[in-house]
Every structure is written in structure tokens, then in C-alpha cells.
Amino acid sequence: MKTNILYLHSHDTGRIIQPYGYAVDTPNLQRFAEQGVLFRNAFCAGPTCSPSRAALLTGQYPHSCGMLGLSGKRGARLNDYTRHLSHYLRGQGYVTALSGVQHEAPKEEMRTLLGYDHYLDEPWAPWADSFLKWNAFYASRAAEFILRADRKRPFFLSCGFSLTHRMGPGEQWHTSEKAAEPQGDPRYVRPPLPLPDTPETRRDFADFRVAVRHLDHCMGKVLAALDEAGLSDQTLVVITTDHGIAYPRMKCNLNDAGTGVLLIMRGPARIGTNDLPLRWEGGRVFDALVSHVDVFPTICEGAGISLPNWLQGCALSPLLEGAPSVRQEVFSEVNWHGYPEPLRSVRTERYRYVRRFLLRKPSDNCDPSVSRTLFRLYGWDDRPVPVEALYDLFFDPTESANLAGDPAYASVLCDLRLRLRRWMKATEDPALSGRLIPLDGMTVWKGDKDKHEGIGPAEALDLIPFSEE
């Protein structure tokens, strides 16, 4: 019997869960991490919703798979939906199912483009009238699918949760759209870096802790169904999120707080070099650099199926046999989110280099919140935005001191520029041409968050040249 694949994913969680050392209550994820393998240095390929998911589910970087912005009503889409993991596994004999969130196709075209055999949240439950109930419903339907799974064919189940995306009045992490007040207790919390510790950010983070606790409960329900069905040993489980949490200097930013993601796996990996099966298990922790584009080939190995020729990532199983790393750097990008903001980044074990191709106010692509309001009150939008930035992550883990102009780091800067250009050229990144052209039908906010002109067509962008300094 082939390996089952269970893909559990959330919105905007970053690494802010208990197994990564944060003071949040996620006992189910903690238990799962102690059973499986946790990657401490996993990164998304684009810290915005659709591009990140598209990269993971195609094994290609956002500009390569075509997802330059947000899908759905915003109009971005894949170049070739047959490269989506759901299509590929279906072609390998898998029964495929989706419960809850997807962000790779417009809802009205979802069935045609994504090609799952089963869409588990249809018909919609009439009682699911709140944010929390939606997510509980997604978990319940996924659990039912597992318990009733046909043992004659393997399954691929994608179960996505809108937790911990900001929702409700004031763009808090409310458990219901009807909740007008914060849900968490801010007295004994400390916001994660790079946020300042203030009454406003503590209040904001207290609400996040409530949301992530509900996320843990939902994921735990699906994992419990896997145990109850007796399928845990023959199922590769991948748990991750799309990008960093929706705070200033996090989501939509090419830094560790924006691109860093939780990634925990449990189950079959592949047959090792000594002809013994390798498994993601034992509570192991890896510090090696890992990208979301590496998940697709890793799933293929765990399932014992061939790797398609379009993949741009690498399988992670060599880490189980003692390899210190599988890659020397990770790459990330942003093109369009709420507003256009093309930028690229390369991150090594010690350094990060960020290149901007269009300058915007820092807060434009930051989700509204009490924390964003506070940052803007203190002059966030008046701070300079550099075309290029270099950070020494050992001495500056919050990436606050730009060393691009420091002569002592000139050789590092030159090396990372070359690495980034080499990657952009190898992946045929359109940003190298000096002009970025949106897909027909893509829409974005116009103006800025102070005086936006509503949503309108995305326009071609003339970019700051990536010159040879």
C-alpha cells in the first residue's frame, strides 16, 4: 500500500507555536513534534498567502509557477494547474480531498483547476456562522474522511485553516466576527521580536494566543482521527503555515520574521542507502536551511513515486542519514500583495540580502491592527526604505542594522548579490528585465493605506535596475 499524505496548514502562524519555544499553548503540535521531526530553519518562498502556497504545492518559486499575487478575487493564478500537487498525486493513483482553506484558485473555478476528487466542506453546514465554527467544521470533515477512507487506495488530504489570519472588528484574531473586544489576557504575555513590548502589542499578541490555541485544537482533532483509524504509521503528515504572522515587520517582509515558517513532519521518508526505511520520527530537530519548495519532492520520496521534472526544490531525506544540509541558501520573493512591492532575498546560514525593485511605505502591505497603528504613530512610514540591505543574522537576529554600506562586509555583499542574480537568471525571473507585467485580470489596491483609490487593475511596473555594483 502506498503512503497516505496528510497536509495540514494554517494562515499567518509563522513559527509562533510551543514547539519553537514560544509561550503559547499548543499541546497537540508539541506532541506531534515530539513524535516527528521539526525544522527550525524552514522558510517560505514568498511571505504572502497565494504565492507561498503555490510554491509549496508546485515545487516552484512564485514567479516560476506564475503566482505573482493573490488568487481568488485578486486574479493571480498558476501558469499550469496540472503541476499542482493534487493533480500530480491523483495521476499516481491517489484519492484526493480538500477540506477548508485553499488559496491557489478562485472559488468559482476551484473544482476545475485544482481537480480534487472530494471537496469536504460542501455542502456547507448552516450552523457554521462564525470564524471559530468554520475551522472546527473543516477539522470535523477532514476527520470523517480519514475514518471512512478506502483502505484499497492511498489518499492525499489537504486540510487548511483560516486561523490564525486576522479577522473581525479591528482586524484582531477574534474567534468570532461578532466579538468586538479582545479575547486574550494581555497581562502576562510578551510579544515576539521584533515587536516592542507595549500595552498595545501585548493586547494584540494575547488575541493571537487565543487563535493559535484554537488552531492547535483543530489540527489535533484531525491527527486524532488518523490514530483512531490506525493509519498513522502509513501516513506522511506535513504541518506548516504560509508565512509569518500579520504584524509590522513580519508578514509580507523578506526577513526571518516574515519568511520563517513552522514545518513539522512525521511518517515515511524513503528507503535509505542501507536498504532500511527512513522515517520522519523520534522528536528530532534539524537546523539546516529548508524551503517550502522542498516539500513537494520530499512528499514524492515518502510516497515512493517519481519526481516530476519541473521541481525547483530538493528532497530533505538526506538529513535523516546525517547530511549537515541539503542547500546552501534559501530564496524568497514578493511581487503583488495588497499593493505592488517587488523584492527578492537570499538567506544563508549567517546572512540575509534583500533587494528592492520598487520603494513603498513600510506599512502599505501590513495588515491593519492595533500594532500597525502604533508603529505608524511612532513614524514607521518616515523611516528610510533601502534599495538593498544586508544583515548579519548572528549579531543582528532581528535584522535591524543594514550593513550594505559597511566596507567590512563588502565581500559578503558581493557574494550574495551574485547568488541572487544567479538564481534569478536560472529561474527566468521577470524582475531581471526591469519590468514586471501582471497577469490579465489581476487587481490591487491603488494609492496607499492613507488615501487608497479602491481596488483596480494591476499595472505593469517599471523596476529599479539590478545593476552590477
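Only the coordinates and a few stated rules stand behind these numbers; no lab work does. Keep in mind that this is a model prediction, so the values were computed, not measured. When we count neighbours, we look across all protein chains shown, and the Cβ atoms used for this are built from the backbone with ideal geometry, even at glycine.
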Check which residues have an amide H placed less than 5 Å from LEU278's amide H, if you skip close sequence neighbours. ALA269, ARG270, ILE271, GLY272
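Students often check this: by mean Cβ neighbours within 10 Å, which of 48-58, 405-415, 309-319 ranks highest, and how do the rest follow?
Order by mean packing, descending: 48-58, 309-319, 405-415.
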Asserting the computed 222 nm helical MRE of the chain (DSSP H runs at least 4 long, -39500 (n - 2.57) per run, divided by residue count, to nearest 500) equals -7500 deg cm²/dmol
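State the dimensionless ratio Rg/Rh of the stretch 6-118 (Rg: radius of gyration of Cα atoms; Rh: Kirkwood radius).
1.00
Taking 22 Å as R0, compute the FRET efficiency from the Cβ-Cβ separation of LEU193 and LEU359 and round it to 0.05.
With a Förster radius of 22 Å, E is 0.30.
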Quick check: convex hull of the Cα atoms in the stretch 330-462, volume per residue, rounded to a whole Å³? 128 Å³
Using the Karplus equation 6.51 cos²θ - 1.76 cosθ + 1.60 (θ = phi - 60°), what ³J(HN,Hα) coupling, rounded to whole Hz, does each residue of the stretch 392-399 give in order, writing x for Gly and Pro? 9, 6, 6, 8, 9, x, 8, 6
Amide H neighbours of MET67 under 5 Å, counting only residues 5+ apart in sequence or on other chains, H built in-plane at 1.01 Å? ASN79
For the chain, please report how many Lys pairs fall under 16 Å Cα to Cα, leaving out neighbours fewer than 8 apart on the same chain. 9
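Please give the charge dipole size of the stretch 6-155, origin at the Cα centre, charges +1 on K and R Cβ atoms and -1 on D and E Cβ atoms. Round to the nearest 20 debye.
Values: 17 positive and 13 negative charges, 55 e Å.
Computed about the Cα centre, the dipole is about 260 debye.
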Quick note on SER325, SER130, ordering by fewest other C-beta atoms within 10 Å, gives SER325, SER130
Compute the normalised compactness of the stretch 275-402: alpha-carbon radius of gyration over 2.2 N^0.38 Å, N being the residue count. 1.37
Given the chain, what percent of its DSSP beta bridges are antiparallel, to the nearest 5? 55 percent
With just the Cα atoms defining each centre, how far is the stretch 56-86 from the stretch 323-357? Give it in Å. 18 Å
Apply the Karplus parameterisation 6.51 cos²θ - 1.76 cosθ + 1.60, with θ equal to phi minus 60°, to every residue of the stretch 78-93 and state each ³J(HN,Hα) to the nearest whole Hz, in sequence, with x for glycine and proline. 6, 5, 8, 6, 5, 8, 5, 4, 4, 5, 5, 5, 4, x, 9, x
Contour excess over end-to-end distance, with Cα ends at LYS152 and ASN79 and 0.36 nm allotted per residue: 23.0 nm
Within the chain: Cβ-based charge dipole about Cα centre, in debye rounded to nearest 20 (Lys, Arg +1; Asp, Glu -1): 420 debye
Length released on extending from ASP275 to ALA408, taking residue separation times 0.36 nm less the Cα-Cα span: 43.0 nm
